[in-house]
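Read through the structure below, which is laid out as structure tokens, and then see the notes.
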Amino acid sequence: MTITELPAIRWGIIATGMISSWFVEDLVLEWEEVKVKHIIQAIGSSSLQKGQDFAAKYCPKQSPQIYDSYAEVYKDDDVDIVYIGTPHGYHYRDCMEAIAAGKNVLCEKSFTLNAKQAREIFETARAKNVYVAEAMWLRHRPLYIELKRLLHEEKVIGDVFRANCDFASDIGLTNLPDTSRYRDISLGAGSLLDIGVYSLTWMMLALNDRPAGQGEKPNIIAAQTHEDGIEVTTSAILQYPSTHRQGIVTTTNKASGPPGEIFAIIHGTEGFVEVEGRAPSIPESFTVYPKQKRGAADRCFFKRENWQGQRHEYGPVGRGFVYEAQNTALDVLAGRKESSIMPWAETIYIMEIMDEIRRQGKTIYPGE
Ligand SMILES: NC(=O)c1ccc[n+]([C@@H]2O[C@H](COP(=O)([O-])OP(=O)(O)OC[C@H]3O[C@@H](n4cnc5c(N)ncnc54)[C@H](OP(=O)(O)O)[C@@H]3O)[C@@H](O)[C@H]2O)c1
């Protein structure tokens, strides 16, 4: 089937920042497993010029309608689904306005500032009978889906009993203006909502073997550190009451680890898994190590090269948004209102965990 024969979906892009540019680059990418033709129907921006420059740079072969407001995208009858790429603090407003206009929505992570806002959005979406999903692209990646299957269906390392994940990314906070989304608390500034949500998402893969949206509530012990009123470092221990599994979630926006390193380790009764990549949001491979028996005088045990693991590599396809974009488009075209990969209950579940981490860490957003 050629691209012109594929079912088509028409996107309205809200905001022209970094993530919108990455997403649109992948929407227009031609790749092997393409099943949907993505049309960039409209772009809404605070400025017409920004919208025009964005379209010329990231989707030059398409001719979207450019608007100097988001509201006009919501009003455009030719838009099937709106993608929201604004800062966290605006997700509630932007989702509610798009839904009120009857639009389907894919909204960037973290979905909202708190679980209460997420619940309200989903209630409104239900009443308006529209599709809404959190754009947690990591969950759509084949690597993530396959590792979850290997751990919990094939039990390649036996019973998983603990895991950890760290996301460290130096954003140069002190050099940023107060208006930056990384510094402005009303925009949802803070490392947990920005990148810690990925560390948490790896815990969901490792420790939560129930279907998405049906996870058991973990007990949580958390600490957060603030600078100039902005949360910059978070550590949390999760423990699941029924399985006793433990996870350690850490994140900071004050420092970066070397790219390509191991960012998550998952331990089971029969071995362990290391997950590597440029960042926890951009995993590239994982290695499954079977448990080794250790003799009393076994010097080999302490040398890394003596551990033989099976490595699973996943080459990049575009920037990695192709899977999320395609799954979302197929959902909408099929008339579904929720994503099976990131259902509403799962977004609320994640937001509730982050609410509890913030309650203990004393991070409060305006209006809370
Ligand atoms: N999936 C991922 O890997 C990933 C990566 C990075 C970020 N994100 C998420 O994407 C969202 C946006 O992040 P970003 O890095 O793209 O941000 P960004 O580069 O700052 O862009 C945000 C855009 O939102 C619009 N906006 C409206 N009001 C704004 C305000 N008061 N301050 C700043 N921007 C405002 C602007 O677009 P207009 O002027 O065109 O209206 C701006 O370009 C966040 O939720 C973030 O967590 C996801």
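List pairs: first residue in region 41-54 and closer than 13 Å to M18 by Cα, second residue assigned to a helix (DSSP H, G or I) and more than 10 Å from the ligand (Cβ to nearest atom) anywhere in the structure, Cβ distance under 8 angstrom, at least six positions apart or on different chains. Qualifying pairs under 8 Å: F54/V24. Considering region 153-176 alone, what residues qualify as being closer than 25 Å to N327 by Cβ, in contact (Cβ under 8 Å) with a residue 24 or more places away in the chain and out of contact with any Leu (no Cβ under 9 Å at 6 or more places or on another chain)? The answer is F167, and nothing else. Do any strands (runs of 3 or more DSSP E) lying entirely in region 238-328 carry at least 1 residues that are among the hydroxyl-bearing types (S, T, Y), assigned by TED's automatic domain parsing to the domain that holds I357 and out of contact with any Cys (no Cβ under 8 Å at 6 or more places or on another chain), and which ones are they? Of the strands (runs of 3 or more DSSP E) lying wholly inside region 238-328, those with at least 1 residues that are among the hydroxyl-bearing types (S, T, Y), assigned by TED's automatic domain parsing to the domain that holds I357 and out of contact with any Cys (no Cβ under 8 Å at 6 or more places or on another chain) span 246-252, 282-290. Evaluating D76 against the criteria (1) free of Cβ contacts under 8 Å to residues at least 60 places away in the same chain; (2) crowded, with 16+ Cβ neighbours inside 10 Å; (3) of a type in the set (D, E, K, R); (4) more than 30 Å from V273 (Cα to Cα) leaves one unmet condition, (1). Answer yes or no as to whether V82 is of a type in the set (A, V, I, L, M, F, W, C), under 19 Å from the mean Cα position of the chain (by Cα), farther than 30 Å from C165 by Cβ and buried (at least 23 other Cβ atoms within 10 Å of the Cβ). The answer is yes for V82. When the residues of region 226-242 are filtered to those that are touching a helix residue (DSSP H, G or I) at 6+ places or on another chain (Cβ under 8 Å) and touching a residue at least 60 places away in the same chain (Cβ under 8 Å), the one that is surrounded by the fewest Cβ atoms within 10 Å (Cβ to Cβ) is L238.
For the structure I just gave you, tell me whether R319 is among the basic types (K, R) and within 16 Å of the ligand (Cβ to nearest atom). Yes.
No other residue among D194, D209 is in contact (Cβ under 8 Å) with a residue 12 or more places away in the chain, within 21 Å of the chain's Cα centre (by Cα), buried (at least 17 other Cβ atoms within 10 Å of the Cβ) and assigned to a loop (DSSP other than H, G, I, E, B) apart from D209. The single condition among (1) assigned to a loop (DSSP other than H, G, I, E, B); (2) within 19 Å of the chain's Cα centre (by Cα) that T233 does not meet is (1). Within region 251-269, is there a residue that is farther than 22 Å from K109 by Cβ, aromatic (F, W, Y) and touching a residue at least 12 places away in the same chain (Cβ under 8 Å)? The answer is no; no qualifying residue exists.
Taking the options T225, T269, T233, name whichever one is under 19 Å from L147 (Cβ atoms) and either modelled with pLDDT of 95 or more or in contact with a Leu (Cβ under 7 Å, 6 or more places away or on another chain) (or both).
T269
For region 334-368, a residue qualifies if it is within 15 Å of the chain's Cα centre (by Cα), assigned to a loop (DSSP other than H, G, I, E, B) and of a type in the set (A, V, I, L, M), and the qualifying residues are I341, M342. Taken over region 113-127, the criterion of being out of contact with any strand residue (DSSP E or B) (no Cβ under 9 Å at 6 or more places or on another chain) and within 16 Å of the ligand (Cβ to nearest atom) is satisfied by L113, N114, Q117.
The values are calculated or read from the model by the stated rules, or taken from the named source; none is laboratory data. What you see is a predicted model; the values in this text were computed from it and never measured. Cβ atoms come from the backbone with ideal geometry, glycine included; neighbour counts cover every protein chain shown.
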